[in-house]
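Visitor: Sharing a structure here in structure tokens format.
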Amino acid sequence: MGTSRRTVGDMDADETEPGTAAVADRRLLRARRTREALATAAVDLILERGLAATTVEAIAERADVTRRTFSRYFTGKEDAALGFVRDDGERINELLRARPAGEPPLVAYRRAVRAWLADRHTPARHLRPRMRRIVGLLDEEPTLFAAYERIRVDAQEESIRIIAARLGTDDVRDLRPAVVVEAAAGVLTAALRAWARGPDEHGGPHAPGDHAGSGADLADLVERAYDVLSTEAASAAVHTEQPRTTDE
């Protein structure tokens, strides 16, 4: 009696899935490692040589990959050096999606940022060694700042969509999602820039006349910055409710 052969297409999904999933996991891990190696090489070279003297070819060589491989992951050296900014933006949005539905949008964003900075399982990449120095270069390197702005805008646009969904509204016609995100993300950016101007991990000097980030923990700076926003918003609300005088 003959026997029939079963092809992969004949097998049940649960029979093929383990092997397929394992292959996909390995590919994902390799891609993550390659991207990490390129980002690390970009940061190292820029801090060693300066942005102008760093080339994409040098970054690829340091990471032991080809120029073509570099282009699969990043659009340029600035994008590679700021890969940690994109990763952290995605992480904040992930945490924002997970916030309880009943939280006011501004509170939800603040608590998502707080969770991002406190997460020990997936630590904020901003807190890795040398990242503070890269953020500090934004004031000195226009092309690096431009790349940072593109990444920041991408993350904020996603945040706006998340807040709009939480409010059950249209983010195009309703101003609330954009206003909330611009305010909340602006506070975070201000705290990050103040933190970057503080002494680096090697005890380097901070920018003249700016002591906001000196010796301060980033999480503490962020909380203080959000407190400023809350205080100013409350003050503005009280002032708005006061009757107008003839002098105004």
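Visitor: Quick check: is even one residue across the stretch 72-79 within 30 Å of A185 (Cα to Cα), surrounded by fewer than 12 Cβ atoms within 10 Å (Cβ to Cβ) and not assigned by TED's automatic domain parsing to the domain that holds L188?
Guide: Looking for residues that are within 30 Å of A185 (Cα to Cα), surrounded by fewer than 12 Cβ atoms within 10 Å (Cβ to Cβ) and not assigned by TED's automatic domain parsing to the domain that holds L188, one finds none in the stretch 72-79, hence no.
Visitor: Which residues, taken from the stretch 30-48, are polar (S, T, N, Q) and surrounded by 19 or more Cβ atoms within 10 Å (Cβ to Cβ)?
Guide: Passing the criteria: only T40.
Visitor: Still on this structure, I have one more. Residues to consider are L96, L51; find the one that is surrounded by 15 or more Cβ atoms within 10 Å (Cβ to Cβ) and part of a helix (DSSP H, G or I).
Guide: L96
Visitor: So, T40, is that one part of a helix (DSSP H, G or I), among the hydroxyl-bearing types (S, T, Y) and within 21 Å of the chain's Cα centre (by Cα) or not?
Guide: yes
Visitor: Among the residues of the stretch 167-185, are any crowded, with 18+ Cβ neighbours inside 10 Å, part of a helix (DSSP H, G or I) and under 13 Å from the mean Cα position of the chain (by Cα)?
Guide: Yes, the conditions are met somewhere in the stretch 167-185.
Visitor: Inspect all residues belonging to the stretch 53-62 and state whether any of them is touching a Gly at 6+ places or on another chain (Cβ under 7 Å) and either assigned by TED's automatic domain parsing to the domain that holds V180 or free of Cβ contacts under 8 Å to residues at least 40 places away in the same chain (or both).
Guide: The answer is yes, given that some residue of the stretch 53-62 is touching a Gly at 6+ places or on another chain (Cβ under 7 Å) and either assigned by TED's automatic domain parsing to the domain that holds V180 or free of Cβ contacts under 8 Å to residues at least 40 places away in the same chain (or both).
The values are calculated or read from the model by the stated rules, or taken from the named source; none is laboratory data. This is a predicted model, so every value here is computed, not measured. With ideal geometry, Cβ positions are generated from the backbone for all residues, glycine too; neighbour counts draw on all protein chains shown.
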